[in-house]
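Here the structure is laid out as structure tokens; the discussion comes afterwards.
The values are calculated or read from the model by the stated rules, or taken from the named source; none is laboratory data. Computed from a predicted model, the values in this text were never measured in an experiment. Positions of Cβ are backbone-derived with ideal geometry, glycine not excepted, and every protein chain shown enters the neighbour counts. These accessible areas exclude ligands, DNA and RNA; they are computed on the full protein's heavy atoms, side chains included. Shrake-Rupley method; radii C 1.70, N 1.55, O 1.52, S 1.80 Å.
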Amino acid sequence: MDIKNTDRQYVMNTYNRFDLLIERGEGCYCYDEKGNRYTDLTSGIGVNCLGYCDCGWADAVAKQARTLSHTSNLFYTEPCVKLAKTLCKRTGAKKVFFSNSGAEANEGAIKVARKYSFDKYGEGRNVVVTLRNSFHGRTITTLAATGQDVFHNYFFPFTEGFRYVESGNIDALRDALDGSVCAVMIEFIQGEGGVIAQDKDYIKAVRALCDEKDVLLIADEVQTGIGRTGTLLASENYGIKPDVTTLAKGLGGGLPIGAVAVYEKAENVMGFSSHGSTFGGNPIVCAGALEVLSRIDEEFLKEVVAKGDFARRKLEGAKGVESVSGLGLMIGIKPADGRKSADIVKKGIERGVLMLTAKDKIRLLPPLTITEKQLGDALDILLDILAE
Ligand SMILES: *Cc1c(COP(=O)(O)O)cnc(C)c1O
């Protein structure tokens, strides 16, 4: 079968795919149909945090698939409960709801915030403030939450009740927090927006302002969570505790999962029949996520930090690099001389290195298990391309 053309014919053409067919993967490497090897610095957009087909992860998933594959949420199952407890113990959250994607997790968080406010203050306090240049997902509501005009097109009417403020500007946020606001939703590092890390003092001020106004602070950690920035959650790096944290990408290690974790304030907001998901908390997916969490311990996180520092030392000030951004193994590289990040990523594929773009940046989200040597070799190729 001509896979590429058949894809174009039968799969809805919502993606402008790279001209690369990936057939199999192992660790940080994947292979095309001709057997060519690529070092993957994308992790399937931050998903394969243990790399491709990690043995421990594959065993956990296969074992669960042979034991109990799916039951729905009408019954108790062990993997779901274990994962919820582990997540709470590791993050300080009180309760978790499992969904199947990042966008769904954010929808859940928005529901929590609106109900928290409704229960306490009644109707009319339902606006969620998000930051300009943010990205929160592709459903109608999370597109509305996304603070970029390019996403607010075609699909009208979008969900009401969103307001956008300039990121980093605490006065703008204070002005936006009138009596109609129930939540502020942020990414600690804007991923799709260009790997732009928020300032720590700004985040602390946002936390204080939300406390003062009894407005929930929702942290969208769909991309930054699960070890990516060198701490289990990026909120630890920023020294604050949100009221709601959303997770997805890295959590499943390669299977679809989303999670809404709530802290004290929102612990008891959602009751019977306030939310649901047929697949959410699926035993196989949860078994994979449990393996991911069991592997990301203190030692593992220290190595993520070390590998991130190593990459930054190599990249900063190198020929063709204007600036380096991000945290841990979430890395943004702005090419010098206005070179297009997409062109460089394309050249990377020809040279056997897979990378992402985020606006004008090259974005790297390598598997957290990549070795320094593997990362260094791939970065040498990138630096070669950048120096051309
Ligand atoms: C990827 C992403 C989402 C959307 O996640 P999906 O699983 O694609 O729905 C939401 N927020 C952030 C910050 C993301 O990076």
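Only one entry of 218, 226 meets the criterion of being modelled with pLDDT of 95 or more, β-branched (Val, Ile, Thr) and in contact with a Gly (Cβ under 9 Å, 6 or more places away or on another chain), and that entry is 226.
Yes/no matrix, rows are residues, columns are (1) outside the structural domain of residue 253 (by TED's automatic domain parsing); (2) over 24 Å from residue 62 (Cβ atoms); (3) of a type in the set (Ser, Thr, Tyr):
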| residue | (1), (2), (3) |
| --- | --- |
| 265 | no, yes, no |
| 270 | no, yes, no |
| 276 | no, yes, no |
| 283 | no, no, no |
| 286 | no, no, no |
| 302 | yes, yes, no |
| 306 | yes, yes, no |
| 311 | yes, yes, no |
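Any idea which of 231, 245 is within 16 Å of the ligand (Cβ to nearest atom) and of a type in the set (Ser, Thr, Tyr)?
Working: 231 fails: within 16 Å of the ligand (Cβ to nearest atom).
From the options 231, 245, the qualifying one is 245.
Residue 104 meets each of the listed conditions (1) part of a helix (DSSP H, G or I); (2) more than 8 Å from the ligand (Cβ to nearest atom) apart from (2). Can you find a residue in the range 37-50 that is more than 15 Å from residue 252 (Cα to Cα), of a type in the set (Phe, Trp, Tyr) and surrounded by fewer than 16 Cβ atoms within 10 Å (Cβ to Cβ)? No: the range 37-50 contains no residue that is more than 15 Å from residue 252 (Cα to Cα), of a type in the set (Phe, Trp, Tyr) and surrounded by fewer than 16 Cβ atoms within 10 Å (Cβ to Cβ).
Check the range 169-191 and report whether any residue there is open to solvent by 10 Å² or more (accessible area, probe 1.4 Å), polar (S, T, N, Q), under 28 Å from residue 290 (Cβ atoms) and not in a helix (DSSP H, G or I). The answer is no; no qualifying residue exists.
Here is a yes/no grid of residues against (1) in a helix (DSSP H, G or I); (2) of a type in the set (Val, Ile, Thr); (3) in contact with an Asp or Glu (Cβ under 9 Å, 6 or more places away or on another chain):
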{"position": "271", "(1), (2), (3)": "no, no, no"}
{"position": "277", "(1), (2), (3)": "no, no, yes"}
{"position": "285", "(1), (2), (3)": "yes, yes, no"}
{"position": "293", "(1), (2), (3)": "yes, no, no"}
{"position": "301", "(1), (2), (3)": "yes, no, no"}
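Quick grid of which residues meet (1) under 19 Å from residue 231 (Cβ atoms); (2) surrounded by 24 or more Cβ atoms within 10 Å (Cβ to Cβ); (3) touching a Lys or Arg at 6+ places or on another chain (Cβ under 7 Å); (4) at pLDDT 95 or above:
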| position | (1), (2), (3), (4) |
| --- | --- |
| 246 | yes, yes, no, yes |
| 251 | yes, yes, no, yes |
| 256 | no, no, no, yes |
| 267 | no, no, yes, yes |
| 279 | no, no, no, yes |
| 292 | yes, yes, no, yes |
| 305 | yes, no, no, yes |
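Count of the range 112-139 residues, restricted to those that are more than 22 Å from residue 233 (Cα to Cα) and in a helix (DSSP H, G or I), is 8.
Listed here are the residues, each with its yes/no results for (1) farther than 21 Å from residue 279 by Cα; (2) more than 16 Å from the ligand (Cβ to nearest atom); (3) in the same structural domain as residue 346 (by TED's automatic domain parsing); (4) among the basic types (Lys, Arg).
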{"site": "12", "(1), (2), (3), (4)": "yes, no, yes, no"}
{"site": "18", "(1), (2), (3), (4)": "yes, yes, yes, no"}
{"site": "26", "(1), (2), (3), (4)": "yes, yes, yes, no"}
{"site": "37", "(1), (2), (3), (4)": "yes, yes, yes, yes"}
{"site": "88", "(1), (2), (3), (4)": "no, yes, no, no"}
{"site": "96", "(1), (2), (3), (4)": "no, yes, no, no"}
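Restricting the search to the range 307-329, which residues are more than 21 Å from residue 237 (Cα to Cα) and of a type in the set (Ser, Thr, Tyr)? Selection gives 323 alone.
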